[in-house]
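Student: Below: one structure in structure tokens.
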Amino acid sequence: ILKACQAESVGRFVHLSSVMVYGDPPHQDSRHEDAPANPPPGADSYGMIKLEQDKMVQAAAGGLPSVVLCPPNISGPFSGYISGIVNGLRNGSFALVDGGAGPCNLIDVRNLCHAIELAMETEGLALDGARMFVTDGEQVSWRDVVAELLELAGTDQVRHISRAGLLHLVE
């Protein structure tokens, strides 16, 4: 696709990446786009695949004006991400870590579409393949997200786990 866009002198290439290039969960240092990428290990991990795509876009940037949009989890109507949380609440497989105080970075699909439109149209935008975070711009905790979904899930029960307990399960 990149080669075809270069051959046709496309004015701007917009690539959708993911915050997963920074890890799962992203490292605390990844508050800015220029933080070092640290995707989950494995050549077939989602974060690694997105990072490889980012690198391809950045390598083509000299001959193809481009930007890499880096959204977090996508919410909105029919969101697979939100549906997964609701299903996890229903079947008891979802747990809030440390009371849900941590941030749950989201972008509504309509806001993501608007960001894509702006990236295609905005003059003066850096077109060197650089990453740009796109979010809804508000801090929402996991506790807040789950509170909004409990009624939809048909439950008022939420499992809880400490971060240390979660890390012990992963080991």
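The values are calculated or read from the model by the stated rules, or taken from the named source; none is laboratory data. These figures come from a predicted structure and were not determined experimentally. When we count neighbours, we look across all protein chains shown, and the Cβ atoms used for this are built from the backbone with ideal geometry, even at glycine. Surface accessibility is based on the protein's heavy atoms, side chains included, excluding ligands, DNA and RNA. Shrake-Rupley method; radii C 1.70, N 1.55, O 1.52, S 1.80 Å.
Student: Would you check if there is a residue in the range 81-91 being open to solvent by 80 Å² or more (accessible area, probe 1.4 Å) and either modelled with pLDDT of 90 or more or in contact with a Phe, Trp or Tyr (Cβ under 8 Å, 6 or more places away or on another chain) (or both)?
Tutor: There is at least one residue in the range 81-91 that is open to solvent by 80 Å² or more (accessible area, probe 1.4 Å) and either modelled with pLDDT of 90 or more or in contact with a Phe, Trp or Tyr (Cβ under 8 Å, 6 or more places away or on another chain) (or both).
Student: Scanning for something open to solvent by less than 70 Å² (accessible area, probe 1.4 Å) and touching a Pro at 6+ places or on another chain (Cβ under 9 Å), does the range 141-162 turn up at least one residue?
Tutor: Yes, that holds for at least one residue.
Student: Taking residue 77 as the residue in question, decide whether it is open to solvent by less than 80 Å² (accessible area, probe 1.4 Å), in contact with a Gly (Cβ under 6 Å, 6 or more places away or on another chain) and assigned to a loop (DSSP other than H, G, I, E, B).
Tutor: no
Student: Scan the range 40-93 for residues that are within 14 Å of the chain's Cα centre (by Cα) and of a type in the set (D, E, K, R) and jot them down.
Tutor: Within the range 40-93, 50, 54 qualify.
Student: Same structure, new question: When you scan the range 43-74, how many residues do you find that are in contact with a Leu (Cβ under 8 Å, 6 or more places away or on another chain), closer than 17 Å to residue 23 by Cα and open to solvent by 20 Å² or more (accessible area, probe 1.4 Å)?
Tutor: So the count comes out to 2.
Student: Mind checking whether some residue in the range 27-43 is in a helix (DSSP H, G or I), small (Gly, Ala, Ser) and farther than 23 Å from residue 145 by Cβ?
Tutor: No, the range 27-43 contains no residue that is in a helix (DSSP H, G or I), small (Gly, Ala, Ser) and farther than 23 Å from residue 145 by Cβ.
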